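**Student:** Following this message is one structure expressed as structure tokens.
Here, each number is a calculation from the coordinates, and none is a lab measurement. Not measured: the values here are computed from a predicted model. Reconstructed Cβ throughout: ideal geometry from the backbone, glycine too, with neighbour counts over all protein chains shown.
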Amino acid sequence: MKKISKAISVLLSALLLGSSVFSASVYAVSDTPADTVDDLSWLPYTEEDYEKFTAEYTTVACVNGYIVLAEDPAWDGGFDIFESREGDAEYEVVKQYNVRSLPEDVCGGSSLLVKVYKPTKVGKMIITWTKMRDWEGPESAVWQKVGYYIVGRNEAGEFTVNEVSKDDYAVTDPIDYTVGGVFKLNESSDKGDINPDGIIDITDLSVLSFSLVGDKELTPSQQKAADVDDDGAVTLADLAKLRQYLSKKIVSLDDTSAPAPEAYNFKDHYIRIQSVINGETPQKYMFETASDFRSFLENNEEMVTQSKQHPSEINLEDAQKKYDDKWFENHDLIMVLLQEGSGSIRHSVTSIDTQMIKIMQRIPELGTADMAGWAILIELNKGSKIDINKVKVVLNEEMACSTTE
């Protein structure tokens, strides 16, 4: 009867989320000894191996042609991990086990779940994993991972799977070498972004260096991105110019008229807002006039209202009054929206330049199991030359000992 009740509650949760495919891990999964199948022997079967595996690959990762989930379901807190899939690619669960078991009637401790997915159909798919209490639905969610996957087949007919960004997912076609096709994953022609990952950094410099000494062959799009001086050839001159750009001796790869700042001076404010933000985060916005900022807030009235329900130095209603026409004469304003799995997580903007906004996430050892949204307001001097569509928000984690700022 207990299993029937759990199955009904899982089905109700699936209906609440409107998923096309929905499933959950179950308490009945027991410990499984080391796998005898050679191609799965690399999976973690001890707690020590589990820690190493998650440190190297993170919670959800593509490994050896499989998608592997390694996460604590928090069964002792009444939680479970649910998944939904959308898209035309398909998979099957080929293995599911616990590195450390937690019986249903035991309160306390934790279980280390490993779940292995094998692609079975070429195409594209989005998989969403959510840790929540099935009888409470999405409002109880404390962790969520959304993965964008491209499934293809290699020359041997074996299925391959790659996780890509949301933007790449929209423009990437899967390739099936058994029937021919075009795989456009990570094709880029952005100047300087050679690897390409949407950001120009030391990795691009390394790729360019290896290509110049003959250790790496660049694709046509990479050659275009590597020709930073626009002379039609990839040479040492491109390497020198890219190094100048990364060391901030020139402001951009197109404009060498003025040195770039080492970092921008800024002032930041942290405002807790609604628990669920529409769309993926982090989201970023640049406001150069009071009317632009006012229009944004008018279109997000609920966000403004909820910002007044949590104590902070400033709320969004206060911000609208502060950032008036006179203020914008000498300043620009950036807003970063973040979604966190716990309201105990705090933030600190550590640096800003033309390429990235670095934000430290301060994660307490013990935190609340509630989702939280944050609006981070960053004040800059006028004329910062930041292209908000190109600048990248980078989150770094730091363990904290308390739940307060």
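**Student:** Measure off 7 Å from each Cα along the Cα-to-Cβ vector at Tyr285 and Asp167, then give the distance between these two points in nanometres to one decimal.
**Tutor:** 2.0
**Student:** Mind checking which aspartates and glutamates have their C-alpha under 14 Å from Lys191, skipping anything on the same chain fewer than 8 residues away?
**Tutor:** Asp201, Asp204, Asp227, Asp229, Asp230, Asp231, Asp238, Asp254, Asp255
**Student:** Can you give the local net charge around Ile378? Use residues other than it whose beta-carbon is closer than 11 angstrom to its beta-carbon, Lys and Arg +1, Asp and Glu -1.
**Tutor:** -1
**Student:** Pulled fully out, how much extra length does the chain show between Asp49 and Asp201, if you take 0.36 nm times their separation in residues and subtract their Cα-Cα distance?
**Tutor:** 51.5 nm
**Student:** Which listed residue (Asn278, Ser291, Gln355) has the Cα farthest towards the positive end of the charge dipole for region 266-400, taking +1 on Lys and Arg C-beta and -1 on Asp and Glu C-beta about the Cα centre?
**Tutor:** Checked the options; the winner is Gln355.
**Student:** Over 31 Å between C-alpha atoms is what I'm after, so list which of Lys224/Lys248; Lys52/Lys248; Lys52/Lys145; Lys95/Lys131 land there.
**Tutor:** Among Lys224/Lys248; Lys52/Lys248; Lys52/Lys145; Lys95/Lys131, the Cα-Cα distance tops 31 Å for Lys52/Lys248.
**Student:** Here is a further query. Using just the alpha carbons, could you tell me how many Å³ per residue the convex hull of region 266-400 encloses?
**Tutor:** Considering the Cα atoms of region 266-400, their hull volume per residue is 103 Å³.
**Student:** Run down the lysines and flag those whose C-alpha is under 28 Å from the C-alpha of Lys326, throwing out any fewer than 8 positions away in its chain.
**Tutor:** Answer for Lys326, where 28 Å is the Cα cut-off: Lys267, Lys284, Lys308, Lys382, Lys385, Lys390, listed by chain and number.
**Student:** Now for a different question. Residues with amide H under 5 Å of Val349's amide H, sequence separation 5 or more or different chain, H placed in the peptide plane at 1.01 Å from N; which?
**Tutor:** Amide H neighbours of Val349: Met360.
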